[in-house]
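Reviewing the structure listed below.
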Amino acid sequence: MTNSSPAFAGPVVSMGAWRWLLVGVLAFGGSGCAGYRLGPVSGVAPGVRSVQVNPFTNKTLEPQLGEEVTGQLRSQLQRDGTYRLASHNDGDIVVSGSITRYHRQEVSLSPSDTLTVRDYRLEVRAQVTAYDRSRGKTILEQPVSGYTLIRVTTDLTSTERQARPLLAADLAKNVTALLTEGSW
């Protein structure tokens with residue numbers, strides 16, 4: 001006895017249906033990237049303009065905080081690549097700032113002793129100014145903050161000192177975002 005039916009008797013899908021399925025998948029997948037822009041958001045081509053970072057003044061009692069923020073801001077601007085870093089007073093944009101606040105806030109307490117702090121949030125705030133030399137006007141003048149969290153150890157002073165580069169880096173990241181994504 002011979003069986004003339006095929007071994008697989010499932011539904012048959014035509015080539016036209018496969019094409020429509022592929023078009024639908026590509027349309028759906030491609031729509032997620034519709035608003036994405038490659039490169040700087042401000043419309044400036046990378047590396048065309050330069051930025052000069054003047055040393056930040058420190059109006060807090062934390063020593064060397066101005067130098068750390070200045071160094072981290074220069075590094076972050078180089079990493080971002082939107083602007084070239086100028087070092088000889090020839091930048092198109094001049095950024096300066098003053099660190100106005102350094103604050104340590106309790107975040108969590110020890111579960112066994114509600115008077116013992118377990119984690120702190122460190123915050124630094126700076127008044128940042130960016131001046132466009134070519135247009136002769138201030139393009140950014142506002143306070144900018146950065147923060148980091150630390151876990152209390154036996155030596156809080158050392159822990160705080162070790163966290164300062166992270167704190168300065170967060171502030172620098174926020175200043176860089178304002179400079180590179182600004183609509184001015």
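The values are calculated or read from the model by the stated rules, or taken from the named source; none is laboratory data. Model, not experiment: these values are computed from the prediction. Heads up, the Cβs are rebuilt from the backbone with ideal geometry, glycines too, and the neighbour counts pull from every protein chain shown.
Computed quantities for the displayed model
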| read-out | value |
| --- | --- |
| Residue among Val152, Val144 that is of a type in the set (A, V, I, L, M, F, W, C) and under 18 Å from Gln76 (Cα atoms) | Val144 |
| Residue in region 58-67 that is within 16 Å of Thr176 (Cβ to Cβ) and either of a type in the set (A, V, I, L, M, F, W, C) or within 22 Å of the chain's Cα centre (by Cα) (or both) present | no |
| Odd one out for Ser96, checked against (1) surrounded by 13 or more Cβ atoms within 10 Å (Cβ to Cβ); (2) under 18 Å from Ala172 (Cβ atoms); (3) modelled with pLDDT under 95 | (3) |
| Tabulated pairs, region 50-74, first free of Cβ contacts under 8 Å to residues at least 60 places away in the same chain and on the phi < 0 side of the Ramachandran plot, second surrounded by fewer than 14 Cβ atoms within 10 Å (Cβ to Cβ) and of a type in the set (Ser, Thr, Tyr), C-beta under 8 angstrom, 6+ apart or interchain | Gln52/Ser87 |
| Yes/no for Tyr102 being in contact (Cβ under 8 Å) with a residue 40 or more places away in the chain, more than 17 Å from Ala169 (Cα to Cα) and buried (at least 16 other Cβ atoms within 10 Å of the Cβ) | no |
| Sole exception among (1) without any contact (Cβ under 8 Å) to a residue 40 or more places away in the chain; (2) under 15 Å from the mean Cα position of the chain (by Cα) for Thr114, by number | (2) |
